[in-house]
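The values are calculated or read from the model by the stated rules, or taken from the named source; none is laboratory data. What you see is a predicted model, and the numbers here were worked out from it, not measured in a lab. Here the Cβ positions follow ideal geometry from the backbone for every residue, glycine too, while neighbour counts run over all protein chains shown.
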Amino acid sequence: MIGVQNDVTARVAAQREREAEAERLRGIFAASAAPLGLLERSPDGSLAHVLLNEAAAETLRLSDADLKAGTAGVHWSAAATTAGRSGEPIRFDVARDGRTFEVLLAPVESEKEGAPARFLYVAADVTAGREATEDLLHVSHRQLRQIAQDVHDGVGQSLAGAAMLASALLADLAGGPHADEARRLRDLLLRSQAQLRSFALGLDPVDLDRIGMGEALGRLAAEAEAALGVDVSVTDRAGETGLRGEARLDVYRVAQEALTNAVRHGAAEAVRLVLRRDGDGDLVLTVDDDGTGISEAAARNGGMGLRTMRARAQRHGGSLEVGPGAGGGTRVRLRLPADRVA
């Protein structure tokens with residue numbers, strides 16, 4: 001008889017520690033009133049629960065079958081891919097039984113050889129807040145349209161009439177000593193009328209669905225160059241994005257707000273807008289400027305403009321990142337998930 005003895009004290013101790021950690025984790029999950037879940041991603045990219053508490057099971061009702069197929073699976077998988085790639089938590093909305101839950105999904109273990117990636121999520125019922133945000137956005141849009149109409153029908157018509165009178169005055173004074181002054185007056189009124197029309201169009205871009213997102217951003221850039229004196233470039237790599245209605249309008253509004261903030265708050269002289277689709281099919285709008293840059297504190301605790309931009313992203317299941325640019329200035333990045341784009 002031959003006997004072999006190995007010291008496995010460390011291995012047994014590690015196993016007991018893992019079991020104790022798992023028990024503590026189950027206790028935390030069970031005690032939490034908020035929906036909590038721990039997901040694991042398999043080599044084929046599908047997600048499955050390692051652990052979830054009763055609150056998550058009752059409110060989200062997200063089975064492993066849902067995670068592997070259907071719209072829910074695509075949405076959660078895209079969120080996990082984004083979180084895993086960036087290493088940062090990602091927020092997105094989930095609708096259940098007329099209620100809206102905001103999910104915070106965070107990577108807790110990176111994918112390693114022989115070990116799958118894991119993600120922890122927590123959800124909060126934000127139905128009331130989302131409804132209030134939707135009301136705010138609708139009211140904001142109606143107000144902008146009303147302002148645009150008032151500008152066009154009021155000041156715009158007055159400028160048009162003044163330009164016509166200036167043209168008539170120039171005809172009467174042709175060849176006289178005051179002809180040059182009359183010509184400058186007419187040209188000034190015509191330029192002011194064009195700038196006002198451009199301003200009104202920016203408030204209410206009524207032809208967004210007709211002209212497409214790329215051309216709309218190009219027009220926005222031209223308006224900004226004329227009105228704000230800033231150099232704006234637009235690169236459209238997304239082609240036909242599939243955006244319609246409010247989604248297209250919200251992307252336009254985010255670009256508009258980011259561009260305006262770059263000039264007014266960052267004193268930027270050049271702004272670059274890039275619209276593209278990433279490898280996962282997400283639509284990504286990036287706005288970079290060469291201004292003074294935004295501080296981390298301001299990016300986290302921004303005013304109404306930043307909150308409205310984030311609300312526009314969240315209503316379509318997307319995200320908005322604002323912070324200092326890699327080469328200075330400020331970078332704003334809007335991301336809409338692929339299943340909400342097409």
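You will find that of Val284, Val234, the residue that is in contact (Cβ under 8 Å) with a residue 40 or more places away in the chain, surrounded by fewer than 18 Cβ atoms within 10 Å (Cβ to Cβ) and not in a loop (DSSP other than H, G, I, E, B) is Val284 and no other. The residues on offer are Arg91, Arg85, and the sole one that is surrounded by 13 or more Cβ atoms within 10 Å (Cβ to Cβ) and within 15 Å of Ala123 (Cα to Cα) is Arg91.
Does Asp44 count as under 30 Å from the mean Cα position of the chain (by Cα), of a type in the set (Asp, Glu) and surrounded by fewer than 11 Cβ atoms within 10 Å (Cβ to Cβ)? The answer is yes for Asp44.
Taken residue by residue, segment 293-308 has at least one member that is of a type in the set (Val, Ile, Thr) and either in the same structural domain as Trp76 (by TED's automatic domain parsing) or under 30 Å from Thr127 (Cα atoms) (or both). Of all residues in segment 237-278, those satisfying the criterion of being assigned to a loop (DSSP other than H, G, I, E, B), of a type in the set (D, E, K, R) and modelled with pLDDT under 90 are Arg237, Glu240, Arg244, Asp278.
Scanning segment 55-75 for residues that are touching a residue at least 60 places away in the same chain (Cβ under 8 Å) and either surrounded by 18 or more Cβ atoms within 10 Å (Cβ to Cβ) or within 22 Å of Ile28 (Cβ to Cβ) (or both) gives Ala56, Thr59, Leu60, His75.
Within segment 287-316, the set of residues being assigned to a helix (DSSP H, G or I), over 15 Å from the mean Cα position of the chain (by Cα) and either among the polar types (S, T, N, Q) or surrounded by 20 or more Cβ atoms within 10 Å (Cβ to Cβ) (or both) is empty. Among residues that are within 17 Å of the chain's Cα centre (by Cα), surrounded by fewer than 17 Cβ atoms within 10 Å (Cβ to Cβ) and basic (Lys, Arg), Arg276 is included. Any chance segment 321-342 includes a residue that's assigned to a loop (DSSP other than H, G, I, E, B), under 10 Å from the mean Cα position of the chain (by Cα) and modelled with pLDDT under 80? The answer is no, given that none of the residues of segment 321-342 is assigned to a loop (DSSP other than H, G, I, E, B), under 10 Å from the mean Cα position of the chain (by Cα) and modelled with pLDDT under 80. Scoring Arg312 on the criteria (1) of a type in the set (Lys, Arg); (2) free of Cβ contacts under 8 Å to residues at least 24 places away in the same chain; (3) in contact with a helix residue (DSSP H, G or I) (Cβ under 6 Å, 6 or more places away or on another chain) leaves a single failure, condition (2).
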